[in-house]
Amino acid sequence: MLFHLGNLSLLLGLAIPTTLGLHMIMLRLFLMTGCSLFIAWATLYRCNLDVMVWNVVFLVVNFMHLFFLLYKRRPIKIDRELRSVYKRMFEPLHVQEALFQRLTGQFCTIQIVKKGQAYAVEDKTSVDERLSILLKGKMKVSYRGHFLHNIYTNSFIDSPEFRSTEMHRGEKFQVTIVAEENCKFLCWSRERLTYFLESDTFLNEVFKYLIGKDITNKLYSLNDPTLSDKAVKKMDRQPSLCSQLSMMQMRNSMASTSDTDDVLNQILRGGSTGSSLRKYHCPST
C-alpha cells in the first residue's frame with residue numbers, strides 16, 4: 001500500500017499544470033510526500049537500505065528547493081518613506097517589489113536638505129555625481145535669478161541634467177535648485193546606478209520612460225510656472241491637449257533651429273514658449 005501511495009503522489013505532482021501559480025510548490029510537496037512513503041516502505045517492509053538512502057537524498061533536495069521557493073515568495077517590506085515613490089512611479093510599470101528593493105537597497109541613500117539650502121548651484125555643481133527623486137517637500141528651480149518652476153514630491157530633481165549629459169561628462173548645472181521647504185530625497189550614485197541599469201534591460205527601459213516623462217512635465221511647467229502641486233499631479237496622470245501641443249511646438253522649434261543653445265536660453269527665460277502659447281489658443285479639456 002505504501003509503495004502504491006508513493007507512486008500516486010509522484011504521479012499527482014507531475015500531473016499539476018504549469019499554468020497554476022503555485023505549481024512548483026505543489027510539485028515539491030507531492031515529491032516530498034512520495035519520497036517519505038518510499039522511505040517508510042523500504043524501511044518497514046523491504047529493509048532495503050539502498051532504496052531508503054536514495055529517497056532520503058531526494059527528500060532533502062526537494063525540501064531545500066521548497067524552502068527556496070517559499071523564501072522567494074516572502075512578502076517584501078518596502079521602507080515607509082519609499083512606498084509612496086513605489087506606488088506612484090514604479091508599481092504602475094509592473095516593477096516588482098523585490099526588484100525595487102534591489103534598486104533602492106544597495107547603492108542609494110536618503111538625504112535631507114533644509115529650507116533655503118541649495119541642492120545645486122548653476123555653473124558650480126557637477127551633474128555627474130547623482131540622480132535624485134524628491135520624497136518630501138518642495139524645491140524651486142531658477143536660472144540666473146529668474147524663477148522657472150517648482151519640483152514636487154515623487155518627481156526627479158535632476159532628470160534633464162541626467163539625460164542631457166549621458167554622452168558628455170564633466171558639465172555643471174545650468175540652473176540653481178533650492179529647497180523651499182525642509183526636503184528629503186532619494187539619491188543614487190550616478191556611476192553605480194548606470195552600471196546597475198546596464199545589467200537589467202527591463203529596469204533600464206523603465207528609467208528611460210520615467211525620466212522622459214519627468215522632463216516633459218518640467219518643460220510644460222516652464223510654460224505655466226504657477227502650476228500647483230495638484231495640477232502637476234493631474235497633468236502627470238492625464239496630460240491635456242494643450243500640454244501636448246505646446247511640447248510639440250517646443251520640439252519643432254528646437255529641431256528646426258541650428259543654434260540650439262539660443263533656443264534653450266529662450267525657453268529657460270520663458271520667452272519663445274510663452275509667446276508661442278499666447279499665439280496659439282489651447283482648447284479646453
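Among the residues of segment 174-207, those identified as modelled with pLDDT of 90 or more, of a type in the set (F, W, Y) and not in a strand (DSSP E or B) are F202, F207. Open to solvent by 70 Å² or more (accessible area, probe 1.4 Å) and under 25 Å from R80 (Cα atoms), is that true of K172? Answer is no for this residue. Quick test for you: out of A179, A98, A120, pick the one residue that is over 20 Å from K218 (Cβ atoms), small (G, A, S) and either in contact (Cβ under 8 Å) with a residue 24 or more places away in the chain or open to solvent by 10 Å² or more (accessible area, probe 1.4 Å) (or both). Going through A179, A98, A120 in turn, the sole match is A98. Residues in segment 144-163 that are surrounded by fewer than 17 Cβ atoms within 10 Å (Cβ to Cβ) and in contact (Cβ under 8 Å) with a residue 12 or more places away in the chain: R144, H146, F147, R163. Within segment 151-167, being assigned to a loop (DSSP other than H, G, I, E, B) and out of contact with any strand residue (DSSP E or B) (no Cβ under 9 Å at 6 or more places or on another chain) holds for T165, E166, M167. Assuming M89 fulfils every condition listed in (1) without any contact (Cβ under 8 Å) to a residue 40 or more places away in the chain; (2) within 29 Å of the chain's Cα centre (by Cα); (3) surrounded by 14 or more Cβ atoms within 10 Å (Cβ to Cβ) apart from one, which condition is it? The failed condition is (1). Check segment 138-147 and report whether any residue there is farther than 21 Å from G212 by Cα, at pLDDT below 90 and touching a Pro at 6+ places or on another chain (Cβ under 7 Å). Yes: one or more hits.
In segment 62-82, the qualifying residues are those that are at pLDDT below 90 and more than 19 Å from G21 (Cβ to Cβ), and the one that is most open to solvent (accessible area, probe 1.4 Å) is R80. For segment 19-39, the criterion of being open to solvent by less than 60 Å² (accessible area, probe 1.4 Å) and either within 25 Å of L203 (Cβ to Cβ) or not in a helix (DSSP H, G or I) (or both) is satisfied by no residue at all. Checked against (1) free of Cβ contacts under 8 Å to residues at least 12 places away in the same chain; (2) under 38 Å from the mean Cα position of the chain (by Cα); (3) open to solvent by less than 80 Å² (accessible area, probe 1.4 Å), G13 meets all criteria but (1). When L59 is tested against (1) surrounded by 12 or more Cβ atoms within 10 Å (Cβ to Cβ); (2) closer than 30 Å to L203 by Cβ, just one condition goes unmet, and that condition is (2). Apart from one condition, F68 fits all of (1) among the hydrophobic types (A, V, I, L, M, F, W, C); (2) touching a residue at least 40 places away in the same chain (Cβ under 8 Å); (3) over 21 Å from K184 (Cβ atoms); the exception is (2).
Being under 20 Å from K87 (Cβ atoms) and open to solvent by 30 Å² or more (accessible area, probe 1.4 Å) is a description that applies to K136.
On the basis of being touching a Lys or Arg at 6+ places or on another chain (Cβ under 7 Å) and in a helix (DSSP H, G or I), does L5 make the cut? So L5 does not fit the description; no.
Exactly one residue out of L203, L197, L186, L193 is surrounded by 14 or more Cβ atoms within 10 Å (Cβ to Cβ), without any contact (Cβ under 8 Å) to a residue 12 or more places away in the chain and under 15 Å from the mean Cα position of the chain (by Cα): that is L197.
The values are calculated or read from the model by the stated rules, or taken from the named source; none is laboratory data. The structure displayed is predicted, hence computed values, not measured ones. Every residue, glycine as well, gets a Cβ built from its backbone with ideal geometry; the counts of neighbours run over all protein chains shown. The accessibility values were calculated without ligands, DNA or RNA, using every heavy atom of the protein model including side chains. Shrake-Rupley method; radii C 1.70, N 1.55, O 1.52, S 1.80 Å.
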